[in-house]
Amino acid sequence: MLKQLDEIQEQALAALEAVPDLAELEAWRIKHQGKKSTLNQILRDVGKLPREERPAVGKRGNEVKVALEAAYEAKKQALERGELAELLEKDRIDVTLPGRPAPLGRIHISTKTLREIYAIFAQMGFQVYTARDVELDLYNFELLNMPPGHPARDMWDTFYTTREDVVLRTHTSPGQIHAMREYCPEPIRVILPGKCYRYEQVTARSEFMFYQVEGLAVGKRITMTDLKGVMAEFARQMFGADRRMRFRASYFPFTEPSVEVDMDCIICSGEGCRVCKYTGWLEIAGAGMVHPIVLQNGGYDPAVYSGFAFGMGPERIAMLKHDIDDIRYFFSNDLRFLGQF
Ligand code: PHE
């Protein structure tokens, strides 16, 4: 019996030696220390042995039990340390690696330009007024002094919809009517920013969708001098203090007289260069005095009230300011372009 106990100890310790991980250690514990282990069976049955054998077997059995418990604890600790070390090794952080850049979003160049425009006109007392993108033919053309069949409608290539009287606005000018009808008979000073749509061939100079900022001032005794002053102030704040302005006679059905607003070229200051196509001048807006019929359509008596209006393209302004030579960059979502601003 004593010899059997020696063997039990020897075999158990040898098996313990070979245990590779905590899972197998548990299996070992059940087999060698569990209730059904041979060792525990012997210890349980000591009482059934002949009286003279009992003390020796009991003593030796307990020694084996204590030895296995000690060996088990030692092995368990060793394995736990091993697994921890392995985990630390596996999850190790290399603090010398360079960080990963977190890409930041930017304000779109059109939005940025619009905000600059708002700020400049805000200083001159103009509020932002927003009107709809989808318009009635009535507002986009008719109330702007272009009845059906008017040849000037051809100035804008229009996106029509399945409803004959509904179009995507070709310019922000219909907003003039909305603003006048809302404010009348109060004086008005607003800018109307927004997207416009034209059924056009997309080229480096024209997109089918782009922004415009319309301006409208209505009141008593407003003259063309006011228009010129506002345009000049805008150009100086946007492009630099020495900008010069010129008005060129033009035609729009909703203004009379109508002008194109030019400023001296920001690159060559009027000498002539690639950007101004050797004219020395850059066109920055269409403008004019609000046509009496349009004032009337807005609810104002043209005998008492007058006003000026202008329309400019923020993308064109951004192109001049940042020397961008193709308008298609604005809405093609190439981050290499958009990230530069
Ligand atoms: N709506 C005109 C255009 O898109 C610009 C303009 C606005 C002209 C206001 C005069 C007055 O071409």
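Could you work out how far helix 22-33 tilts from the main Cα principal axis of the chain, as a 0 to 90 degree angle to the nearest 10?
20
Give me the dipole magnitude in Debye, nearest 20, for the chain about the Cα centre, with unit charges on the beta carbon: positive for Lys and Arg, negative for Asp and Glu.
820
What part of the accessible area of the chain, given as a whole %, is carbon or sulfur when the probe is 1.4 angstrom?
53
In whole angstrom, how long is each semi-axis of the equivalent ellipsoid of the chain, when you take the square root of 5 times every eigenvalue of its Cα gyration tensor and sort them from largest down?
94, 24, 18
Take the alpha carbon atoms of the stretch 199-262, find their center, do the same for the stretch 12-80, and report the distance between the two centers in whole angstrom.
The stretch 199-262 and the stretch 12-80 have Cα centres spaced 98 Å from each other.
Using only helices, what value at 222 nm comes out for the chain when you add -39,500 (n - 2.57) per DSSP H run of length 4 or more and divide by the total residues, to the nearest 500 deg cm²/dmol?
Mean residue ellipticity at 222 nm (helix-derived): -12500 deg cm²/dmol.
With the dipole of the stretch 109-338 worked out from charges on the C-beta (+1 for Lys and Arg, -1 for Asp and Glu) around the Cα centre, which of CYS268, ALA131, TYR305 lies farthest toward the positive end?
CYS268
In Å³ and rounded to a whole number, note down the convex hull volume per residue for the Cα atoms of the stretch 168-310.
Expressed per residue, the convex hull around the Cα atoms of the stretch 168-310 is 116 Å³.
Quick one: net charge of GLU260's neighbours, Cβ under 11 Å, K/R +1, D/E -1?
0
Straight-line reach from LYS228: which aspartates and glutamates fall under 19 Å, measuring Cα to Cα and dropping same-chain residues less than 8 apart?
GLU214, ASP242, GLU256, GLU260, ASP262, ASP264, GLU283
Mind checking which aspartates and glutamates have their Cα closer than 15 Å to the Cα of LYS112? Skip sequence neighbours fewer than 8 apart in that chain.
Hits, sequence-local ones excluded: GLU315.
Quick one: Debye curve from the alpha-carbon atoms of the stretch 1-127 only, equal weights, vacuum; give me log10 I(q)/I(0) at q = 0.15, 0.19, 0.20 Å⁻¹ to two decimals.
-0.82, -1.04, -1.09
Among bridges DSSP assigns within the chain, what percent are antiparallel (round to 5)?
95
Using the basic label-point model (7 angstrom from Cα toward the beta carbon), what is the ALA18 to THR38 distance in nanometres?
Each label point is offset 7 Å from its Cα along the Cβ direction, giving 1.5 nm.
For an R0 of 22 angstrom, estimate the FRET efficiency from the Cβ-Cβ distance between ARG274 and HIS322 and round to the nearest 0.05.
Once rounded, the FRET efficiency stands at 0.90.
Over 24 Å between Cα atoms, which of LYS48/LYS76; LYS277/LYS321; LYS35/LYS75; LYS3/LYS59 qualify?
Pairs exceeding the cut-off: LYS48/LYS76.
Please name which of CYS184, ALA241, ILE107 has its Cα lying farthest along the dipole of the chain towards the positive end, using unit charges on Cβ (Lys, Arg +1; Asp, Glu -1) and the Cα centre as origin.
Working it through, the farthest residue towards the positive pole turns out to be ILE107.
Compute the angle between helix 174-183 and the longest alpha-carbon principal axis of the chain, please, reported from 0 to 90 degrees and rounded to the nearest 10.
Compared with the principal axis, the helix lies near 80 degrees.
About the Cα centre, and with charges only on the beta carbon of Lys, Arg (+1) and Asp, Glu (-1), how big is the dipole of the stretch 2-90? Nearest 20 debye, please.
620
Give the lysines whose C-alpha is closer than 17 Å to that of LYS36, dropping any in the same chain fewer than 8 places away, or say none.
Straight-line reach from LYS36, under 17 Å: LYS65.
The values are calculated or read from the model by the stated rules, or taken from the named source; none is laboratory data. Note that this is a predicted model, so its numbers are computed, not measured. Every residue, glycine among them, receives a Cβ derived from its backbone with ideal geometry; neighbour counts consider all protein chains shown. Please note that ligands, DNA and RNA were not included when accessible areas were found on the heavy atoms of the full protein model with its side chains. Shrake-Rupley method; radii C 1.70, N 1.55, O 1.52, S 1.80 Å.
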